[in-house]
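Below is one structure; the comments refer to it alone.
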Amino acid sequence: MGKQMEDYIQETSSVMVRNIEQRKELTKPLISWLLKEGIRQGKTLVIVASGSSYHAAQCALAFMEKYMKSPVRLITPFAFTYYEELKENNLYLFVSQSGSSTNVVEAIERYQRAGYHAMAVLGKPGSAIAELSDSYVEYGAGEERVGYVTKGMSTLTCFFMLVSLELSTEDIEKEVYEKAVRELTCACENHHRVYLQAKEFCLANKETLLTMKHAFFIGCGANMGTVKEGSLKLSELVHIPTASFETEEFIHGPDLQLTPDYTLFFVSSGDPAGKRTEEICGAAREITENSFLIKADLREENGTDEIVSPLYLSAFFQYLAYWTAKNRNITTEHPLYIKFEERIHCKTSDYEEDLPF
């Protein structure tokens, strides 16, 4: 029997810690490319990614902006293919955890037709995108055969953070660098602790999770990527309507539909902005008692800066989605989905995956 989704969640913390220990070797190929292409000459790094890969980059964005001396932008492959105006001042980085995403294939092909060389960041060598791209780097996720990526998503976030930190070594003091490494390590170790807390949460709230009909995910700051990933994971595994919102945007319209049937997950980054999230969570309990607060631990002895908190808060939603789907016995899509999939493909023909449980 192959690994289940939970096995990969369990592995994530140790894999990220190992990658931090091996950060210079792990990040060297991409950093060498970035330097060769002129990242220090004011060019903009444009990360082209979809789904969990996009969310991973979004989780890392605040950290990257702090340590990199160049701007960073995120764009989906679809937007790149149909709308992006290619500019010489942009460094495009194509990301695919599976190496088989057809939208990334199309984006790379468009870039190559324009006369450029495509650099990809992949979780899987020997994939269609590995063969298509002009060059690629692996980001240290290791094997993950379940399509609903968890280990791959978190390790990709960590990789982007490490790349930006290693790029900054000439610009920051040694003490600042070492503190950042400690914070990253602490955050990655916290991933396993949050996973264990998520297991306790699911058992304690079994009835709610097994009957929820709609789920909203609300957060802010670096954890916008966290709530978007939580929304995605629950929708693709549990097959219920979900949505994600920035804290204040949630109370400017989406809140009007709330009834006691809704389940809400609020993510507080533990910083001053996160306090607003906590206030809104408290108010939401006047409508639905199923309003849950997931808060970053920023205590000095256990915590980390808000910008690295997505590295461990994501574990909560990874396990939540897995546990809920497994215990609701959701093993397949609606029968009509087969017809949909026959007409529309999001993965190349070489793609293979295992069931999550």
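The values are calculated or read from the model by the stated rules, or taken from the named source; none is laboratory data. Keep in mind the model is a prediction, meaning the values are calculated, not measured. Note that each Cβ is placed from the backbone with ideal geometry, even for glycine, and that neighbours are counted across all protein chains shown. Side chains included, ligands, DNA and RNA excluded: accessible areas come from the protein's heavy atoms. Shrake-Rupley method; radii C 1.70, N 1.55, O 1.52, S 1.80 Å.
Return a yes/no flag: does segment 241-254 have any residue that is in contact with a Gly (Cβ under 7 Å, 6 or more places away or on another chain), assigned to a helix (DSSP H, G or I) and farther than 12 Å from N290 by Cα. Scanning segment 241-254 turns up at least one residue that is in contact with a Gly (Cβ under 7 Å, 6 or more places away or on another chain), assigned to a helix (DSSP H, G or I) and farther than 12 Å from N290 by Cα. Which pairs turn up if I take residues in segment 8-22 that are within 11 Å of S154 (Cα to Cα) and look for partners that are aliphatic (A, V, I, L, M) and in a helix (DSSP H, G or I) with beta carbon separation below 9 Å, at least 6 apart in sequence or on another chain? Final answer for the pair search is I9/A198; I9/A315; T12/M153; T12/A315; S13/A315; M16/L184; M16/A187; M16/L311.
Within segment 100-116, residues that are touching a residue at least 60 places away in the same chain (Cβ under 8 Å) and part of a helix (DSSP H, G or I) reach partners that are open to solvent by 60 Å² or more (accessible area, probe 1.4 Å) and not charged (D, E, K, R) with beta carbons closer than 8 Å, at six or more positions or on different chains, in the pairs T102/H345; T102/C346; N103/F78; N103/C346.
Checked against the criterion of being within 29 Å of S100 (Cβ to Cβ), touching a residue at least 60 places away in the same chain (Cβ under 8 Å) and open to solvent by 20 Å² or more (accessible area, probe 1.4 Å), segment 207-230 has at least one qualifying residue. In segment 233-251, of all residues being within 17 Å of the chain's Cα centre (by Cα) and not hydrophobic (A, V, I, L, M, F, W, C), the one that is farthest from T150 (Cα to Cα) corresponds to E246. Within the option set L234, L203, L196, being in contact (Cβ under 8 Å) with a residue 12 or more places away in the chain and either buried (at least 23 other Cβ atoms within 10 Å of the Cβ) or in a helix (DSSP H, G or I) (or both) holds for one residue only, L234.
Among the residues of segment 264-290, count how many are in a helix (DSSP H, G or I) and out of contact with any Cys (no Cβ under 8 Å at 6 or more places or on another chain). Total satisfying the criteria: 9. Restricting to segment 35-76, name every residue that is outside any loop (DSSP other than H, G, I, E, B), among the hydroxyl-bearing types (S, T, Y) and open to solvent by 20 Å² or more (accessible area, probe 1.4 Å). Residues satisfying the conditions are T44, Y54.
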